[in-house]
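Q: My questions will all concern the structure given below.
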Amino acid sequence: MGMTIGEKIIARAAKVDEVHAGEIHTIEVDRLMSNDGTTHLTIDMYHNDLKHPKIADKDKIVFIMDHNVPAENPKTAQAHRKMRNFAKEHGIALYEGKGVCHQIMVENYVCPGEFIMGADSHTCTYGALGAFGTGIGCTDFLYAMVTGQSWVLVPETIRFELTGKLRKGVYARDLMLTIIGMVGANGCNYKVMEFAGEGAHNLDIDERLVLCNLAVEAGAKTGIVEPDEKVAEYLESRGRKAENMFVSDEDAVFEKVYHINLDEIEPVVARPHQIDDVVPADEVGDVRIDEAFLGSCNNGRIEEFRVAASILKGKKVSDHVRFIIAPASNEVYIQALDEGLIDIFLDAGAMVMNSNCSVCWGSCQGVIGEGEVLISTGTRNFKGRAGHPDSFVYLGSAATVTASAIAGKIVTAKEDEE
Ligand SMILES: CC(C)[C@H](C(=O)O)[C@@H](O)C(=O)O
Ligand code: SF4
């Protein structure tokens, strides 16, 4: 029986010839990532609950401080100290203030065919490079850190067969929000969302990252785009090898296949407080905003910054809006500086933050108050996600967020602006 991409990666990690959905396998983890959201908890368990604490392979572990960076209160400062000290003591790679964990991982580590576990739900992002990335809690992280192994119940795969190309002014973010609106926030629970077909290959790496990153918002175990020469080029440009570029066999078994024509996708917005409450952006009505956010592991890359800058150029952010911009990594930040994008943002009246999770995380920067409305390129719009429990988060593309920051209410960008 043929295998899907996800099954092939699990078979490789389990060191067996074949695996199929429904089986449980012990796997060797290729890499482990943990951020400052939970690493201090893992470290506490390591010290307090293990009889013979040890690290299986320090070179497979990456610690990234990105959620509350720089620390905004003594409690996070203490959690950060714990993380720094542990990393130093065990020789674990540590990134502090260099960017959002998933962006750092994609820029520096992820390779196709790898099985990567991260103590963060958006670890599914790595499927953009043909890897199996999945989020785990800190107990599972601790086990994998100590043994080098974990276990996996092989998921069923749902295939998204994509055709066509996104039209001008329509972005991967609109595509993925549309898909989540269609399948629902639980529509792909514990499945692999596999994106394939000529439409998927038309998407660039940054667009694939947007798709895979939000797979968990449809409940998926991970999202994977069928890897191709664009992945190979990206890896080669960064000094990594394109091996293990698995694609699904012709006779692989999919639980379901969706056919989506990218030409038909239009700008959309997810309304508070559910990500699957998706409507066409121009049907959202008259929604006045207090804050706009451009950034996050979903949408804080150079491509989104270019779109935002082309819309903002020569314009001003509405005087009742705080427009907060946080690059997904310092690499993005430096590139944006070089291209003059940061000048455009500052001239327009936006606030540019350090590379971190920022408003997406909603506990460090740009928190919104009671009754306030945010339009965001972040990943989630749960009640209270960006601050006060009685506040409202809409999700949209970089273009929609930027155009809204200028208009002071939710609008889509006009064609000549992009
Ligand atoms: C802090 C972390 C555990 C959390 C996650 O798992 O996703 C965060 O990154 C988020 O986006 O809500
Ligand atoms: S940017 Fe948002 S979604 Fe991504 S890791 Fe940070 S808090 Fe989580």
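The values are calculated or read from the model by the stated rules, or taken from the named source; none is laboratory data. Remember, it's a predicted structure, so these values are computed and weren't measured experimentally. Cβ placement follows ideal geometry from the backbone for every residue including glycine, while neighbour counts extend to all protein chains displayed. Accessible surface is based on the protein model in full, side chains and every heavy atom, while ligands, DNA and RNA are left aside. Shrake-Rupley method; radii C 1.70, N 1.55, O 1.52, S 1.80 Å.
Q: Which of the lysines could a cross-linker span from Lys88 if the Cα-Cα distance has to be under 22 Å and same-chain partners fewer than 8 positions apart are dropped?
A: Reachable lysines: Lys51, Lys54, Lys58, Lys60, Lys75, Lys98.
Q: Ok, one more. Average the reciprocal distances over every distinct pair of alpha-carbons in the stretch 273-418, invert the result, and give the Kirkwood radius in Å.
A: 14.7 Å
Q: Rounded to the nearest Å, what's the spacing between the alpha carbon centres of the stretch 326-382 and the stretch 267-283? Just the number, please.
A: If we compute the Cα centre of each part, the gap is 21 Å.
Q: Have a look at Glu250, Glu217, Glu18 and tell me which one the Gaussian network model of the chain (Cα, springs below 10 Å) gives the largest fluctuation.
A: Residue with maximal mean-square fluctuation among Glu250, Glu217, Glu18: Glu250.
Q: Additional query: Note down the nm distance, to one decimal, between modelled labels 7 Å out along Cα→Cβ at Asp57 and at Lys168.
A: It is 4.9 nm.
Q: With N set to the number of residues, divide the alpha-carbon radius of gyration of the stretch 223-303 by 2.2 N^0.38 Å and report two decimals.
A: In units of the globular-protein estimate, the stretch 223-303 measures up at 1.59.
Q: A follow-up question, please. Give me the number: length gained by fully extending Asp277 to Asn244, i.e. 0.36 nm times residue separation minus the C-alpha to C-alpha distance, one decimal in nm.
A: Value of the extension gain: 8.2 nm.
Q: Given R₀ = 30 Å, FRET efficiency for Asn202-Arg288 by Cβ-Cβ distance, to 0.05?
A: 0.25
Q: Related question: Rounded to the nearest percent, how much of the accessible area of the stretch 5-262 (1.4 Å probe, protein heavy atoms only) is carbon and sulfur?
A: Using a 1.4 Å probe with all protein chains present, the stretch 5-262 comes out at 49 percent carbon and sulfur.
Q: Follow-up question, since we're still on this one. How are the Cα pair distances of the chain distributed, in percent, across 20 Å bins from 0?
A: P(r) over the chain, rounded to whole percents: 28, 59, 13, 0.
Q: So what is the relative contact order for the chain, in percent, with contacts set as C-alpha pairs under 8 Å and at least six apart?
A: Computed value for the chain: 17 percent relative contact order.
Q: Could you give the accessible area per residue of the chain, probe 1.4 Å, as a whole number in Å²?
A: That works out to 38 Å² per residue.
Q: For the stretch 271-417, what is the charge dipole size about the Cα centre, in debye to the nearest 20, if Lys and Arg each add +1 at the Cβ and Asp and Glu each add -1 at the Cβ?
A: The calculated dipole for the stretch 271-417 is roughly 220 debye.
Q: Treating cross-link reach as a plain straight distance, find the lysines whose alpha-carbon is under 28 Å from the alpha-carbon of Lys315, omitting any fewer than eight places away in the same chain.
A: Lys168, Lys409, Lys414
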